[in-house]
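Quick notes on the structure that follows.
The values are calculated or read from the model by the stated rules, or taken from the named source; none is laboratory data. Here the structure is a predicted model, which means the values were calculated and not measured. All Cβ positions, glycine included, derive from the backbone under ideal geometry; neighbour counts span all protein chains shown. Only protein heavy atoms, including side chains, enter the accessible area calculation; ligands, DNA and RNA are left aside. Shrake-Rupley method; radii C 1.70, N 1.55, O 1.52, S 1.80 Å.
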Amino acid sequence: MSEGDIEATTSYADTLRARLVMAYEACELSDLARAAVPIGEHELSTDGTIRSPGGVLADAVQVLMAAHHFLEAAVVFERMGGADWDLVGDVLGTSAHSARKRFAMAETRFRRELRSPEVIDSTGILGDLTWWRSHMIREPLEAALDLDDWVLRHTDGDEGGGGDGDLGVAPVSGRLGAVPSRSRCSRR
């Protein structure tokens, strides 16, 4: 295998991992948004007044933050796939400079996680998000299989909602092809 082949495989593996992180962020966003649809018994009094002021607003903030994480993950995925800041800025309707200023730290954080997926927070504990991101970086096929399960549990017979037809039994992992492995990402 030539150095160019190794770089291409590394790039593919990193892009695949970035796509899995994006898929996870989409799951989180979807779950939060779906939870906001039903009107809870605790929300409204019989006279129509709000029982817990600020509760629904706090839920909306969580959805907005999840959407921000999803957008960051999408930018990182595009960048890992070779997109330049001009393209990112164009899609976002802003300048390349503004796009870079807004999302460069997310890309840097992801690249750092690729080098050292066992990132521990200041308390010495792996956080939930860090654990999942670390899991997706270290074990992309396993993470893709987990995402397969999530997609299949949430399919409402609408053929995926995107017009893709039958999702099959592996809507995430089946679309990835062979998952190249690298020694730095297979550490436990």
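Here are a few things to note about the model shown:
- Highest mean packing comes first when the peptides 33-41, 89-97 are listed by Cβ atoms within 10 Å, giving 89-97, 33-41.
- Annotation: amide H-H contacts under 5 Å for L44 (H modelled 1.01 Å from N, sequence separation of 5 or more, or interchain): R51.
- In the context of the full set of protein chains, segment 17-69 has a per residue accessible area of 65 Å² (1.4 Å probe).
- Segment 40-104 - charge dipole about Cα centre, Lys and Arg +1 at Cβ, Asp and Glu -1, debye rounded to 20: 300
- Student exercise, segment 13-56 dipole from Lys, Arg, Asp, Glu Cβ charges, in Debye to nearest 20: 160
- Extension gain, D86 to E43: 0.36 nm times the residue separation minus the Cα-Cα distance gives 11.0 nm.
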